[in-house]
Structures are given as structure tokens and as C-alpha cells.
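The values are calculated or read from the model by the stated rules, or taken from the named source; none is laboratory data. On a predicted model such as this, the values are computed, not experimentally measured, just so you know. Note that each Cβ is placed from the backbone with ideal geometry, even for glycine, and that neighbours are counted across all protein chains shown.
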Amino acid sequence: MSRLQTHFVCQSCGYESPRWLGRCHACGEYGTLVEEVVAHKEDAQSRPPPGPPRVLPLSSIERSGIERMQSGNGTDNSLGDEFDRVVGGGLVPGSVLLLGGEPGIGKSTLLLQLLAALASRDIPTLYVSGEESPDQVGLRAARLGCATDKLFVAGETGLDSVQAAFQACSPRVAVIDSIQTISNPDLASAAGTIGQIRESTAAFVRLAKETGTAILLVGHVTKDGMLAGPKAVEHMVDCVLTFEGDPHHAFRILRAAKNRFGGTHEAGIFEMHSDGLAPVVNPSQLFLENSGSLGSGVSGICVTACMEGTRPLLAEVQALVTSSYFGTPRRVTTGVDYNRCCVILAVLEKRLGLHLGAQDIHVNVVGGLRLTEPAADLAVAMSCASSFRDQPLSEGTVCFGEVGLAGEIRGVPHASRRAEEAARLGFSRCILPRSSEKIRHGDMECLSVKTLQEAIQLGLSEGI
């Protein structure tokens, strides 16, 4: 087969060159020339006439004809149930999903267990590994207990070979691990380049639409945590998933950044074991299992109620405030946004008179979680004030709320569900925004506050 004709196009200005250049001659940018296939104009007489267009009223399209392929058993305690929740209820036939995550976070483990769960329901699956040999995949499958006759494995990197593997086993669900290892032999560039990633992704999208196979692509990430390759790849696929977590902790969180067949508000929580990933059925209790938050008597510890999708989750925020021995005090955060933490510290110093400018401050979220919603602001402020005054919070206290620059406590969504989760786990006091003062859950005392000063006076055992 003759090689396709390609040229190199600058991604900044559109300049075309017959060969690769380190610097664009037109705009002067470095490293912007990307290989692209030259589109030839065919002779109008040799081109087959186009068929009649298929134009239908939207109301006449059958929406019940597509059935999702569910990998869970419907008991909310399997790995497949957590995955189905994130993607919107199961895999849609003919869809293409892109999964990204840090190296070693467990992407291959998750997908191999997912294919095994689908294969156990008599759904033919294919695992294409460009980074491991079939023998290596077999060793991992034996450790995870994923060996089954319905799960096929192919160790190929060429696009033609992968397409031939699809024809050989006709899978309904396939995994490409990873898209950076697949190369189109018609392109002269090496595997992993922008041109190869874009052309390979486009080929898999066409294959999924033609055959009805759900294809999951594994993508590498950059040092900033972004998916490697052109941004156009994320636009081409139907769903973009991110697998997050601290490699030094056992917890992993699966989130959807884009989903054409469902919402992006859900999250799946997993725990890594020696025999693979397991779903976390009760994440709040697990994160607080070794915590003395209900009555430890230690300053600088506060529990907050956050939301992971539609599921409430309790997390412990710890703070350590000590005198600084350097000219510039240190601010170290793990699990919370650094800039947001600096804003909260400024509010504490300006509105409450806590002199934190000469203090080293360390803030950490236990368990490797990362809290991104504003509802965790109050817990960060409470833990810092508690550590600074060396006064522990009152026993069995949980709090949530957004801290404004004027020191006010603003309301957050799903306040009732947060308080309900805290009451279920045995907390006796809940400090929450004034907008949620009507919330009541059993014997738990709900204290609504309007300002940060009120919250700290109620939360600390001896006030400020």
C-alpha cells in the first residue's frame, strides 16, 4: 500500500511546510508544526454519486432502541456499579471514551477488571495492550482474577493490526491501552506524536460508529495533569474520564469531565488492594475510620461534609500552625487549593484579628482526598483557628459553608444531605450557614451561623 502524502502545518498561524521544522518560518513559534495528511481532490467523474440524505424529524427517532451495557450487578457493591454511575448508567454501543490519569494510578487495572465484569455477562471484550505483552497482561489478570474465555487480549501497536484484531473477535467493548502507542503506518511520524494520536483516534471513532463497539482509550497525561496530545481528541470522543488519587494512598476517584450520554456530576470512589480495585460503599466511614474526630481532644482537626457527585462524603481537615523561624512563613496545603487557603487565612487575620502573618501553616486533608468545592472553606478556617489557639473543637462537631471576604458564611447546595450523613455517622453538632437553619436530623444539634466569628465561637471549646 502506498504511503499517504503528508505535510506539516503550524498550529499557530497555519503555515504549511513539506518537511518538519523546529521553528515556523511565518510566525516564528517553536515546536508548532504538526504532521497532517494531504487531502487530494478526486476527479468528479470517478467519485461515486452521494446517496440521498437521511433527514428525519427529531420526534420520530426511536430513543429506546439503544440499550446500555452495564458492568455492575445492581447491588451498589461492585466495581462495575461505580463505573456505571460515572458514565451515566452503562456503556453506550458505538461510543468512544477517553480515560486519563497519572502513571501507576491504576488505569489499566480498572479497565481490565471492567472488561472481566462485562465478560462475565457474556459480552465479548477485547483488551489491546501496546505497552505490555499478552504474557504480562495474563500475569496481571491472574492476580486480579480476571481470566475468562470472553476476554480476548492482543499485544499490537499498528493501527492495521488492531483493526484486524477487531475483525477476528468482533468485540462489543474494547480497550486501547494506550492511544499513544498506536501508530498509523501511512504516517512517517513516530507513535505518540500529535499527528499519530489524532489520526488513530479518528480511526477508532469511525470503527466504533460502524461496528457499534464501545471503545475505551487510555491517554497519557502531561506533568501538569492534563491529557497529552491535541485538544481536538477530547472533542472527538463522547466521554472524557479522569482517574485521580494519591499514589501513596489507597483511594482512587473516577470523574467525568465530559459525557454526551449523561451528567458529569457523579464520581466513583475505589480503594486499591493487592488483588485490584474495590468499590467504596461507605466512603465517609472509611475516611474517618482511624480518626478521633468525634472526640480526640486534639487541636487543629475539623470534619467537613462535602459532595462527590450526588453522594455526601465526610472528610477530615487538619491544620498545624506554628511559629516561623524564617523571614518568610511557609504555607503548605495538601488536598485543598493553595490560593483559596491563603484567602481564608487573610480573612481570619483581618476580620477576627488572628495574627497569622508570622506563622508556618500546614493544611492537609486526610486520606488523599482533594476538596475543591467552597463548602470546605469553613472547615479550613476552623482547623487553622483551632491550631493557632491550641483549642480543640467541641466533641462531635461537623461544619460546612463558604467563607466570604467580609467574613460571612454563605450557603452551599445539598445542605440537608450533608447534615443527614453527619448524623448517620454519630456527629452530635453541625455548624452550617444561616440559610440552612431549618434543617433538623434526629438528635443532632444544628447551629446556623452568619459570620465566621460566630462559627468559631460555637465550634471551639473555649471560643476565641
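Tabulated values for the structure
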read-out	value
Residue in region 318-341 that is in contact with a Leu (Cβ under 8 Å, 6 or more places away or on another chain), surrounded by fewer than 20 Cβ atoms within 10 Å (Cβ to Cβ), at pLDDT 95 or above and closer than 30 Å to His441 by Cβ present	no
Residue within region 104-114 that is part of a loop (DSSP other than H, G, I, E, B) and more than 18 Å from Gly245 (Cβ to Cβ) present	no
Residue in region 393-407 that is buried (at least 24 other Cβ atoms within 10 Å of the Cβ), of a type in the set (S, T, N, Q) and touching a helix residue (DSSP H, G or I) at 6+ places or on another chain (Cβ under 9 Å) present	yes
Those residues of region 230-266 which are in a helix (DSSP H, G or I) and either under 12 Å from Leu99 (Cα atoms) or in contact (Cβ under 8 Å) with a residue 24 or more places away in the chain (or both), in sequence order	Ala232, Val233, Glu234, Met236
Residue count, region 224-251 (criterion: in contact with an Asp or Glu (Cβ under 7 Å, 6 or more places away or on another chain) and buried (at least 19 other Cβ atoms within 10 Å of the Cβ))	2
Top-ranked residue in region 404-460 [being assigned to a strand (DSSP E or B) and among the polar types (S, T, N, Q); ranked as nearest to Leu314 (Cα to Cα)]	Ser448
Odd one out for Ala423, checked against (1) in contact (Cβ under 8 Å) with a residue 24 or more places away in the chain; (2) within 30 Å of Asp246 (Cα to Cα)	(1)
Number of positions in region 137-160 that are in a helix (DSSP H, G or I) and surrounded by 15 or more Cβ atoms within 10 Å (Cβ to Cβ)	5
Within region 191-229, considering residues that are at pLDDT below 90 and polar (S, T, N, Q), the one farthest from Pro103 (Cα to Cα)	Gln196
Qualifying position, being farther than 27 Å from Leu345 by Cβ, in contact (Cβ under 8 Å) with a residue 12 or more places away in the chain, among the aliphatic types (A, V, I, L, M) and assigned by TED's automatic domain parsing to the domain that holds Ala381, among Ile439, Ile409, Ile431	Ile439
Selection within region 113-135 - without any contact (Cβ under 8 Å) to a residue 40 or more places away in the chain and within 18 Å of Thr213 (Cβ to Cβ)	Ala116, Ala119, Asp122
Residue in region 296-315 that is in a loop (DSSP other than H, G, I, E, B), crowded, with 21+ Cβ neighbours inside 10 Å, in contact (Cβ under 8 Å) with a residue 40 or more places away in the chain and aliphatic (A, V, I, L, M) present	no
Ser129 in contact with an Asp or Glu (Cβ under 9 Å, 6 or more places away or on another chain), of a type in the set (Ser, Thr, Tyr) and in the same structural domain as Gly192 (by TED's automatic domain parsing)	yes
Region 1-48, residues that are modelled with pLDDT under 70 and over 24 Å from Asp160 (Cβ atoms)	Lys41, Asp43, Ala44, Gln45, Ser46, Arg47
Among the residues listed as Thr333, Thr328, Thr372, the single one being farther than 15 Å from Ser299 by Cβ, β-branched (Val, Ile, Thr) and free of Cβ contacts under 8 Å to residues at least 12 places away in the same chain	Thr328
Those residues of region 346-398 which are farther than 20 Å from Ala315 by Cα, of a type in the set (A, V, I, L, M) and not in a loop (DSSP other than H, G, I, E, B), in sequence order	Ala346, Val347, Leu348
Positions within region 212-223 being buried (at least 17 other Cβ atoms within 10 Å of the Cβ) and of a type in the set (Ser, Thr, Tyr), in sequence order	Thr213
Pairs with Cβ under 9 Å, 6+ apart, first in region 174-201 and free of Cβ contacts under 8 Å to residues at least 12 places away in the same chain, second not aromatic (Phe, Trp, Tyr)	Ala190/Ser183; Ala190/Gln196
Index of the failed condition, Leu187 passing every other in (1) in contact with a Leu (Cβ under 9 Å, 6 or more places away or on another chain); (2) assigned to a helix (DSSP H, G or I)	(2)
Scope region 161-178; condition in contact with a Phe, Trp or Tyr (Cβ under 9 Å, 6 or more places away or on another chain) and outside any helix (DSSP H, G or I); matching residues	Pro171, Ala174, Val175, Ile176, Asp177
